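The values are calculated or read from the model by the stated rules, or taken from the named source; none is laboratory data. As the structure is a computational prediction, the values presented were derived from the model and not from experiment. Cβ placement follows ideal geometry from the backbone for every residue including glycine, while neighbour counts extend to all protein chains displayed.
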Amino acid sequence: MGADQHYLYEARQMQALSLAVHIPLVCFGIAFPVLVLFAEWRYLRTGDALYRTLARRWSKIMLALFAVGVVTGTILSFELGLLWPVWMQDFGNVFGLGFTLEGFSFFLEAIFIGIYAYGWDRLPPRPHFLSGIPIAVAGVAGSMFVISVNGWMNHPSGFTLRGGRAVDVHPWTALFANPMFWAEYVHMYFAAYIVAGFLMAGAYAWAFLRGRRGRYERTALGISLAAACVASPLQVIVGDWAARDVAVMQPVKLAAMEGLATTARGAAEHILGWYNGHAVVWGIEIPHLLALLAFHNDNATVRGLGIVPLGGQPPVNVVRFAFQAMVGIGTLLALLGLFYLFVRLVRRRLPASPWFYRCVVAAGPLSVVALIAGWITTEVGRQPWIVYDVMRVSQAVTGARDIPAGYGVLVVVYIILGFIVAAILRRFARVPLPPEAESPGGLERGGQHAGGPHAAGGPHAGLRPGGVHPARHGRLRGARRGGLRRGPVDAARLRRARGRE
């Protein structure tokens, strides 16, 4: 039996608030280092200093969000132990491995993000680029280890329950051979690119709408928007995979997501509407669609909420609205992504309509709403269980009486933290762009802008950006793959021009 806790609902709200604040930062931890490294890789590949400027500015954002994520992640981890001590006590030997491995990933990321952010003018280009790879790897690995714990909570395995506690534990099998883990992780992985990509693209789309359509804005928009627009259609496929896993292994959650009261063969899908305790009313009914989506068989049997007592059912309308918000927004983002990819790949240009950029601006916050709605579906849909069908949330909660006070303090802390983040990002945005970010060529030599002879119309205008390599101090790589665009280069004239620089 758990503690006598009058503030169970407040404890759950505290945990939910911390998760809602932290999870968008996790998205940036997964996806944003890859975008930063891609920009720097383009600099190394082409010698175009604009990419270096973009990667360097983005690395400051990456560092700031990492620091904020450290604060929110620390709060979240402490809450797990302080609010749910019985869960930790009885099952920590099963899932503790996941949090331990995540700790190693965090320290790896913390070490290399400092090297990367402060090594721009201290490391040669290639070693600096390589120092960023552990950041991307740690971001992916750390989130994977944490989500493995959540997958286990949704489908517990790898232990024997004796006297209410887990014994004969096999943590590797429990966490990483869990059938719920991989779909949930891949779903989160693509969500990270959608959130980070659309939020970054939204900032540059807003600049487009205000008339700032320079080369820097176009490049930044192209990289971030490409990541989000590739991930968003793929997320539809991954979401189908994850939902079918839920249908098999968590049928009550699926029934709550769809408002299905009783087991039905060839169950219908209801879009919108309200679950009144017996059925969905005022919704749009599509016959057989739920059975088709859940089991790829329009005549399959879908189990309803009635397979468990009322006390074992989650709050249906909360789960339904969250799920439909996630699916609805995700569908719109997928359509937006397909439209962008069509224009970009077929017509080979950026979309021209201002309405497209207004949609991109809206897509940023909407992607965060879809992300949080998805986690509400996952966590609230598992209620009343903290470990599905094994331990109830009411059994895991602390007996402390100061939860309302802690809740109030937590709200104040997150509000202050939000203002700090907004101030930091605003300050970064107001830093003037260096000249190479606006120049047509943007070549860089030895870490310094070589604007004069390489600018349009200068004596070396015949060189394309890919013809100069930053790690070789301006020495030509040769004419490999058309490195020279307009005929031969006078080497003596090139040396004299560099001497004048």
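What single numbered condition from (1) touching a Ser or Thr at 6+ places or on another chain (Cβ under 8 Å); (2) surrounded by 22 or more Cβ atoms within 10 Å (Cβ to Cβ) fails to hold for Thr53?
Only one criterion in (1) touching a Ser or Thr at 6+ places or on another chain (Cβ under 8 Å); (2) surrounded by 22 or more Cβ atoms within 10 Å (Cβ to Cβ) is unmet by Thr53, namely (1).
State all residues of the range 156-175 that are part of a helix (DSSP H, G or I) and either among the basic types (Lys, Arg) or crowded, with 18+ Cβ neighbours inside 10 Å (or both); if no residue qualifies, say none.
Pro171, Ala174, Leu175
May I ask you to list the residues in the range 104-122 that are at pLDDT below 90 and part of a helix (DSSP H, G or I)?
none
Quick test of your reading of the structure: Asn276 fulfils all but one of (1) within 26 Å of Phe145 (Cα to Cα); (2) without any contact (Cβ under 8 Å) to a residue 24 or more places away in the chain; (3) of a type outside the set (D, E, K, R). Name the failing condition by number.
The one condition Asn276 does not meet is (1).
Can you tell which of Met153, Met144 is in contact with a strand residue (DSSP E or B) (Cβ under 8 Å, 6 or more places away or on another chain) and either in a helix (DSSP H, G or I) or modelled with pLDDT under 90 (or both)?
None of the other options fit; the residue is Met153.
Does any residue of the range 410-417 turn out to be more than 22 Å from Ala20 (Cα to Cα), in the same structural domain as Val94 (by TED's automatic domain parsing), assigned to a helix (DSSP H, G or I) and more than 23 Å from the chain's Cα centre (by Cα)?
Checked against the condition, which is being more than 22 Å from Ala20 (Cα to Cα), in the same structural domain as Val94 (by TED's automatic domain parsing), assigned to a helix (DSSP H, G or I) and more than 23 Å from the chain's Cα centre (by Cα), the range 410-417 yields no hits at all.
Would you say Val369 is over 22 Å from Met180 (Cβ atoms) and modelled with pLDDT of 95 or more?
yes
How many residues are part of a loop (DSSP other than H, G, I, E, B) and among the aliphatic types (A, V, I, L, M) when one looks only at the range 381-402?
Selection size over the range 381-402: 3.
Before we move on, is Leu50 in the same structural domain as Phe28 (by TED's automatic domain parsing) and in contact (Cβ under 8 Å) with a residue 24 or more places away in the chain?
Yes, satisfied.
Taking the condition of a type in the set (D, E, K, R) and surrounded by 15 or more Cβ atoms within 10 Å (Cβ to Cβ), does Arg348 pass?
Numbers: of a type in the set (D, E, K, R): yes; surrounded by 15 or more Cβ atoms within 10 Å (Cβ to Cβ): no.
In short, no.
Scan the range 131-151 and tell me whether some residue there is under 21 Å from Val36 (Cα atoms), exposed (fewer than 15 other Cβ atoms within 10 Å of the Cβ) and assigned by TED's automatic domain parsing to the domain that holds Arg244. Steps first, please.
From the range 131-151, those under 21 Å from Val36 (Cα atoms) are 131-144; that's our starting set.
Next, from what is left, pick out any that are exposed (fewer than 15 other Cβ atoms within 10 Å of the Cβ): 133.
Next cut, assigned by TED's automatic domain parsing to the domain that holds Arg244 only: 133.
Looking for residues that are under 21 Å from Val36 (Cα atoms), exposed (fewer than 15 other Cβ atoms within 10 Å of the Cβ) and assigned by TED's automatic domain parsing to the domain that holds Arg244, one finds at least one in the range 131-151, hence yes.
Residues Val409, Val468: which one is aliphatic (A, V, I, L, M), farther than 30 Å from Asn178 by Cβ and either loosely packed, with under 13 Cβ neighbours inside 10 Å or modelled with pLDDT of 65 or more (or both)?
On inspection, the qualifying residue turns out to be Val409.
What do you reckon, is Tyr204 touching a Leu at 6+ places or on another chain (Cβ under 6 Å) and aromatic (Phe, Trp, Tyr)?
Details: touching a Leu at 6+ places or on another chain (Cβ under 6 Å): yes; aromatic (Phe, Trp, Tyr): yes.
Considered against the rule, which asks whether it is touching a Leu at 6+ places or on another chain (Cβ under 6 Å) and aromatic (Phe, Trp, Tyr), Tyr204 comes out as yes.
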